[in-house]
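Step one of this worksheet: look at the structure below.
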Amino acid sequence: MLSCSIVFSQDYLDKQPENPEPGKCYAKCVTPDEFKEETISIESVPSYDKLEIIPAVYKTVFAEVILKPSSKKFTNVPAVYKTVVDTVWTKEPYQKITIDDAEFEIIDKEVEVLASRESWVAGEKDPDCPSIDPNDCRIFHYRKDPAVTRNIPISKVKTVTSTQKTKVKGNYRLIKRNVEVSPSTTVVETIPAITEQISRKVVVTDETTRVISVTAEHIDVTKRVLVKKGEMTT
């Protein structure tokens, strides 16, 4: 919109209209500032890495345990045995991994949402103006408004993801078996061995972790930018 006023101060008399006519009043016109809106992207949550646990892998193996070995039995003097206990692992212990997730803190980031601007503002009517139209006798003032900023909360990594290892106990089985102390004598008789087939789990690969990358998050902020400065023309 175009605004006009009659001003008699020395500052506004620097530029005179060309070929003025006696007895006429001349006005100066103000063109306002032109702005446009721009959208900027602000990183609200940064990218970071998190860890995922890959479980341990086992394989099953079979073993033959001798419960009682072969021996010789004599008719007159039998063999003498004693019982012993063997420990057989059915599941081996392993290192368990626990994850401590990353921690974040919220900080404020100052963003300019409205640029600084300058404009002419219409003031009171000039009391000495002869016109009956109030719009012909406005006194304009030059005003400069500062930029407007806004605090945007964003996340920042405080502590990174870490892991801890703890030992997990395995499973075992106690096997009782007889051990020959002294063989029999006299008549020899062969006694076959007694065995048992057992299965147990053996660690192939221990528990470990893998890295998963999480992308950053952004928010859009709209601000006004000065495109063309307003001016005053005769």
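The values are calculated or read from the model by the stated rules, or taken from the named source; none is laboratory data. Since the structure is predicted, the reported quantities are computational estimates derived from the model, not experimental observations. No Cβ is skipped: glycine too gets one built from the backbone with ideal geometry, and neighbour counts run over all protein chains shown.
Among the residues of region 209-224, those identified as over 30 Å from F35 (Cα atoms) and in a strand (DSSP E or B) are T209, R210, V211, I212, S213, V214.
Within region 144-162, restricting attention to residues that are part of a strand (DSSP E or B) and of a type in the set (G, A, S), which residue is surrounded by the fewest Cβ atoms within 10 Å (Cβ to Cβ)? Among them, the one singled out is S162.
Considering region 195-234, and only residues there that are among the hydroxyl-bearing types (S, T, Y) and more than 34 Å from the chain's Cα centre (by Cα), the residue that is nearest to P146 (Cα to Cα) turns out to be T233. Could you check, for region 165-173, whether at least one of its residues is modelled with pLDDT under 85, surrounded by fewer than 12 Cβ atoms within 10 Å (Cβ to Cβ) and of a type in the set (V, I, T)? No: region 165-173 contains no residue that is modelled with pLDDT under 85, surrounded by fewer than 12 Cβ atoms within 10 Å (Cβ to Cβ) and of a type in the set (V, I, T). With respect to the conditions (1) among the polar types (S, T, N, Q); (2) within 30 Å of T163 (Cα to Cα); (3) surrounded by fewer than 12 Cβ atoms within 10 Å (Cβ to Cβ), S44 falls short on a single one, namely (3).
Here region 73-101 is the region considered, the condition is being basic (K, R) and surrounded by 15 or more Cβ atoms within 10 Å (Cβ to Cβ), and the residue that is modelled with the highest pLDDT is K96.
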